[in-house]
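In what follows, a structure is listed as structure tokens, so that the remarks can point back to it.
The values are calculated or read from the model by the stated rules, or taken from the named source; none is laboratory data. Since this is a predicted model, take the numbers as computed values, not measurements. Cβ sites come from the backbone with ideal geometry, for glycine too, and all protein chains shown count toward neighbours.
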Amino acid sequence: MKKTYKVAVIGCGNRGTDTAEAYNFHPRVELVGLCDVNQNALNSLGEKLKVKNRYTDFEKMIDEVSPDIVAIPVMTDSHYQIARRVIDKGVNIEVEKPFCMYLEEADILISMAKTQGTKIAVHHQSRSGGALDAICETIQKGEIGDIRHIYASGKGYYGGYGLLNIGTHLISYILRLTGHCRSVVATATRNGRQIEPKDVFESPRGMGLITGEKITATMVFDQGVTATLLHHRFSEVQMPASVMEIYGTKGRIYWHRNFGIWLLRSPHYLPLTENDGHLRSLLHEEQPEVGLWESISPKYPSHYDPVKFNRGDTFSTADDYCFVDEYINALDEGREHESSGEEGRHVMEIMFGIFESAAYKTQISLPPINRDHPLARWRYENNLDYPEKMPREYKDWLEEEKKLD
């Protein structure tokens, strides 16, 4: 019989609930402990999932329940200190995205894990999710030819915050399709002008330093593949879902987080619908093989039950489960998770490279030799101290940002 893995979760908020439920529903996982300093959140989730072992001290929890995996779905500014203490106990970890606030922290955690012989997974859940699995399979079948360019756009948050919050996911998806990034060049603006050192702020939700209301970045990969990443702030009423379009030599794939995955077997022509009959007939005269967008179904494990797990957000709910399944398979096989610590660190390197390129107006080669935070360095070089504290909640943060010009 295959091993059942014991899992404990630190943090019982929204992300902690999603994470705990995904582990709890997996047939080869026993959820053995929950931890949170908020007793109400702890008891609420414990009652919901019928987990009796509840703690406010995570080290005591680890000592008493001996988990194989500890999930850490907490705010970014707590990742390093908690993860370091868990790894020091010789336990595999899962850390919420982004991996850490600083590259030096990621470097230390990866080094510690190698010494301890433990694994790190960073919770870019859709990196191993049903949609991206289906996209990779379609590409491997040669349906769009060779990848030549990828376009991705975030949800319309304030640019720098969007990069750390949503861009971390989008970059991770791109890396699965392209391999590691070799260089990045970016521009960033605030209030319609290029950013200045005074435009570096603390991010909402404890994610570290950010800059830029609108960020546009171009990344370069091996084999001449490029990618464009947009994080432009929109008004609250315009907030879209993140999107990605993959351009190949023979066709295209479009992925919208709310509306699914679509294949077009033509790399250059307009996307067509059944109502574009006249235009479609004209195009067919010149290019007979041009067709309509075709829907692609996500690929999920055979034991995934959409009726049981779908709470209205199909991709996120299902992909949390897929992330868990990938971790179980990786531990079975003695390999790294698809979204490993090293992959999570490279996502950070790219995001920091984007900030550095926008600040210093130059192309940045990766991985960076200098492991400090480029935005802190930029401020110090311009005789500015570390930024003042900002509100943690996004809406409150936006109100405060208005006052800082």
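A compact table of results
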{"quantity": "Flag if V220 is in contact with a helix residue (DSSP H, G or I) (Cβ under 6 Å, 6 or more places away or on another chain) and touching a residue at least 12 places away in the same chain (Cβ under 8 Å)", "calculated": "no"}
{"quantity": "Pairs where the first residue, in the range 379-405, is in contact (Cβ under 8 Å) with a residue 12 or more places away in the chain and the second is of a type in the set (D, E, K, R), C-beta under 6 Å, 6+ apart", "calculated": "P387/E202; M390/E202; M390/E400; P391/E400; R392/R205"}
{"quantity": "Condition met for G145 (farther than 26 Å from F201 by Cα, in contact with a Ser or Thr (Cβ under 6 Å, 6 or more places away or on another chain) and not assigned by TED's automatic domain parsing to the domain that holds G11)", "calculated": "yes"}
{"quantity": "Segments classed as strands (runs of 3 or more DSSP E), wholly inside the range 29-96, with at least 2 members that are within 26 Å of G208 (Cβ to Cβ) and under 24 Å from the mean Cα position of the chain (by Cα)", "calculated": "69-72, 92-96"}
{"quantity": "Index of the failed condition, K402 passing every other in (1) closer than 20 Å to L163 by Cα; (2) at pLDDT 95 or above", "calculated": "(2)"}
{"quantity": "Residue that is farthest from F58 (Cα to Cα) [pool: residues in the range 1-14 that are under 19 Å from the mean Cα position of the chain (by Cα) and surrounded by fewer than 18 Cβ atoms within 10 Å (Cβ to Cβ)]", "calculated": "N14"}
{"quantity": "Residues of the range 191-206 that turn out to be on the phi < 0 side of the Ramachandran plot and either touching a Lys or Arg at 6+ places or on another chain (Cβ under 8 Å) or surrounded by fewer than 24 Cβ atoms within 10 Å (Cβ to Cβ) (or both), as a count", "calculated": "10"}
{"quantity": "Single condition K155 does not satisfy, out of (1) modelled with pLDDT under 95; (2) part of a helix (DSSP H, G or I)", "calculated": "(2)"}
